[in-house]
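Student: Got a structure here, written out as structure tokens. Questions coming.
The values are calculated or read from the model by the stated rules, or taken from the named source; none is laboratory data. These figures come from a predicted structure and were not determined experimentally. Positions of Cβ are backbone-derived with ideal geometry, glycine not excepted, and every protein chain shown enters the neighbour counts. Side chains are part of the model used for accessible areas, which takes the heavy atoms of the whole protein and leaves out ligands, DNA and RNA. Shrake-Rupley method; radii C 1.70, N 1.55, O 1.52, S 1.80 Å.
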Amino acid sequence: MDTPADIEGAAAALRAGRLVILPTETVYGLAADASNPRAVAAIYEAKGRPSFNPLIAHVADVAAARRVARFDARAEALAAAFWPGPLTLVLPVADEAAVCDLARAGLDTVAVRAPAHPLAQALLQAFGGPLVAPSANRSGRPSPTTFADAQAETGAAAAAGLDGGPCRIGLESTVVALLDTPRLLRPGAVTRAEIEALIGPLADAEADARRSPGRLARHYAPNLPVRLDVTAPEEGEAWLAFGPGGAGPFNLSHAGDLAEAAANLFAYLRAADRSGANGIAVAPIPETGLGEAINDRLRRAAGFVG
Ligand code: TXA
Ligand code: MG
């Protein structure tokens, strides 16, 4: 990849069917023109995805989203409350050409989100159409939350990249399917409680695994083995502590703040992986609010979730 691009340079690369490293408020993405099957194929190749797992179409706002997906009252309410921001809606597809078959993995549904990051917004405006952007990691690895980590993962496949600094949230967007019963496919920064307050109870993803093909058991995984709920790490383990008194360089939040822990999670997993330790031990994280999303990623990093 060349040096960080400006918005116009990045938009031109996308129009030419090339890939661009895209900062968002959640994690860095590897973006392509959603309507261009060749560009989308290059994303799957760059990530080394084992199968064609559907991608999220990123749009500037709800008006652009309505051109791609069929909105109902629930989708309107959630978009009004949380966009632009870290919420992805899975809806019936409205325009099959705007987000090509390969990007949807052949499904008749499409995942859409309007990211809040100013550089993502600027690129979407300049490009003028939907961009698919999976997290910019190689398949199965932790999502990159800095430009340098994104470059290290998939930078070689990108024609350009935008450096937006460290990601404010640090966890991927919440994914909610609004097809029949509303379903939480992936917990994230917008919490279950915030969504349920607007549209009522959410069913769980695990009850319908076919609908969330991206949710592999071992995912977000560092190279070292990961142990969870550890209050006293063993000799040689890197410890991802949480809360006051947790010693070592990888305390996710000394203050016990879940938002701070989420923002640090993937960068600390990477740093612990590189630290020369023989394993990674993680302190218990409360399951409340953002903790549901943090624990979901940790269980996948440890290979526990089916
Ligand atoms: O925060 C995010 O969402 C980041 C940033 C870059 O925007 N993107 C991201 O994309 O996490 P990705 O591809 O790593 O994860 C997309 C998730 C996968 O679990 C995928 O299976 C699911 O969304 N998904 C996409 N389209 C779907 C569909 N039509 N039905 C069900 N699940 C879908
Ligand atoms: Mg991902």
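Student: Given (1) surrounded by fewer than 23 Cβ atoms within 10 Å (Cβ to Cβ); (2) in contact with a helix residue (DSSP H, G or I) (Cβ under 9 Å, 6 or more places away or on another chain), where does residue 97 come up short, assuming only one miss?
Tutor: So residue 97 meets the others, but not (2).
Student: So, in region 135-154, exactly how many residues are surrounded by 20 or more Cβ atoms within 10 Å (Cβ to Cβ), within 21 Å of residue 11 (Cβ to Cβ) and away from ligand 1 (no atom under 12 Å from the Cβ)?
Tutor: Matching residues across region 135-154 total 1.
Student: Considering each residue of region 115-134, count those that are crowded, with 21+ Cβ neighbours inside 10 Å and under 23 Å from residue 16 (Cα atoms), and give that number. Walk me through how you get there before you give the answer.
Tutor: Start the filter on region 115-134 by keeping residues that are crowded, with 21+ Cβ neighbours inside 10 Å, which leaves 115, 117, 120, 123-124, 127, 130-134.
Now narrow it down to the ones that are under 23 Å from residue 16 (Cα atoms): 115, 120, 123-124, 127, 130-134.
Result for region 115-134: 10.
Student: So, one more: Closer than 24 Å to residue 118 by Cβ and either touching a residue at least 40 places away in the same chain (Cβ under 8 Å) or open to solvent by less than 10 Å² (accessible area, probe 1.4 Å) (or both): is that true of residue 172 in this structure? Let's see the steps before the verdict.
Tutor: Values: closer than 24 Å to residue 118 by Cβ: yes; either touching a residue at least 40 places away in the same chain (Cβ under 8 Å) or open to solvent by less than 10 Å² (accessible area, probe 1.4 Å) (or both): yes.
Spelling it out, residue 172 is indeed closer than 24 Å to residue 118 by Cβ and either touching a residue at least 40 places away in the same chain (Cβ under 8 Å) or open to solvent by less than 10 Å² (accessible area, probe 1.4 Å) (or both).
Student: Being within 12 Å of ligand 1 (Cβ to nearest atom), touching a Cys at 6+ places or on another chain (Cβ under 8 Å) and at pLDDT 95 or above is the filter; apply it to region 1-55 and report the residue that is farthest from residue 177 (Cα to Cα).
Tutor: Across region 1-55, the extreme among qualifying residues is 23.
Student: Looking at region 31-75, which of the residues that are outside any helix (DSSP H, G or I) and of a type in the set (D, E, K, R) is farthest from residue 147 (Cα to Cα)?
Tutor: Applying the first criterion (outside any helix (DSSP H, G or I)) to region 31-75 yields 31-36, 48-61, 69-72.
Restricting the remaining residues to those that are of a type in the set (D, E, K, R) gives 33, 49, 61, 70, 72.
On the way: 33: 20, 49: 21, 61: 24, 70: 34, 72: 36 Å.
Across region 31-75, the extreme among qualifying residues is 72.
Okay, residues lined up against (1) at pLDDT below 95; (2) of a type in the set (Asp, Glu):
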residue: 210; (1), (2): yes, no
residue: 215; (1), (2): yes, no
residue: 234; (1), (2): no, yes
residue: 248; (1), (2): yes, no
residue: 256; (1), (2): no, no
residue: 299; (1), (2): yes, no
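Here's the yes/no breakdown for (1) modelled with pLDDT of 95 or more; (2) under 17 Å from residue 33 (Cβ atoms); (3) in a loop (DSSP other than H, G, I, E, B):
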site	(1), (2), (3)
78	yes, no, no
88	yes, no, no
91	yes, no, no
98	yes, yes, yes
104	no, yes, yes
110	yes, yes, no
119	yes, no, no
122	yes, yes, no
125	yes, yes, no
